[in-house]
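The values are calculated or read from the model by the stated rules, or taken from the named source; none is laboratory data. This is a predicted model, so every value here is computed, not measured. Here the Cβ is made from the backbone with ideal geometry for all residues, glycine too, and neighbour counts use every protein chain on show. All accessible areas refer to the heavy atoms of the entire protein, side chains included, with ligands and DNA or RNA removed. Shrake-Rupley method; radii C 1.70, N 1.55, O 1.52, S 1.80 Å.
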Amino acid sequence: SRVMPTKSVLSVDEVDGPKRFELAYNVTLCSSIFSRTRVITFYPRYQIVNLLSGGLVVAQECALRSETHIPSQSWVPFHWENSSFPSKIRLKFDEQENTHENKWSSGCIYLDKIGITALRMPLTNKSKPLIIQAETRLATKRQDCAIMVV
């Protein structure tokens, strides 16, 4: 059959460790004299995109000390720090990294549920928190992942 799935997912657990790497892969059929050849391309399953004007920090719920920094207007791949923890993430603003305050978002983004999540983001300088919306969606064929959080 010449019909191949667009993107599929596999999980790889760290040997003697808690980390889980979830990857998406795409199988493409070659043309012409290579028609029996298939090219397999691997991508991170999750990409976290930061469209805000400042940097963000993302971490898995219950593993907030293992943070990943996302500069403004960029993206990073995301993998689970501990496979036994829930499949959800929390965010905070990057400028809070040098303060003694640990102001993570009130609420989490569930990466296994497609949809829009509103998060309350505490600020260090202002009395009112900022409310942001994060969308968890399936990636398009051209995006190098399976699920994007924007």
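A compact table of results
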| quantity | calculated |
| --- | --- |
| Region 102-140, residues that are in contact with a strand residue (DSSP E or B) (Cβ under 9 Å, 6 or more places away or on another chain) and at pLDDT below 75 | N102, T124 |
| Residues of region 88-101 that turn out to be modelled with pLDDT of 90 or more and surrounded by fewer than 19 Cβ atoms within 10 Å (Cβ to Cβ), as a count | 1 |
| Checklist (1) under 13 Å from A146 (Cα atoms); (2) loosely packed, with under 13 Cβ neighbours inside 10 Å; (3) modelled with pLDDT of 90 or more applied to L10, failing item | (3) |
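To keep it simple, each residue is scored yes or no on (1) closer than 14 Å to I147 by Cβ; (2) open to solvent by 50 Å² or more (accessible area, probe 1.4 Å); (3) out of contact with any Pro (no Cβ under 8 Å at 6 or more places or on another chain).
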residue	(1), (2), (3)
V27	no, no, no
S53	no, yes, yes
V57	no, no, yes
K103	no, yes, no
T117	yes, no, yes
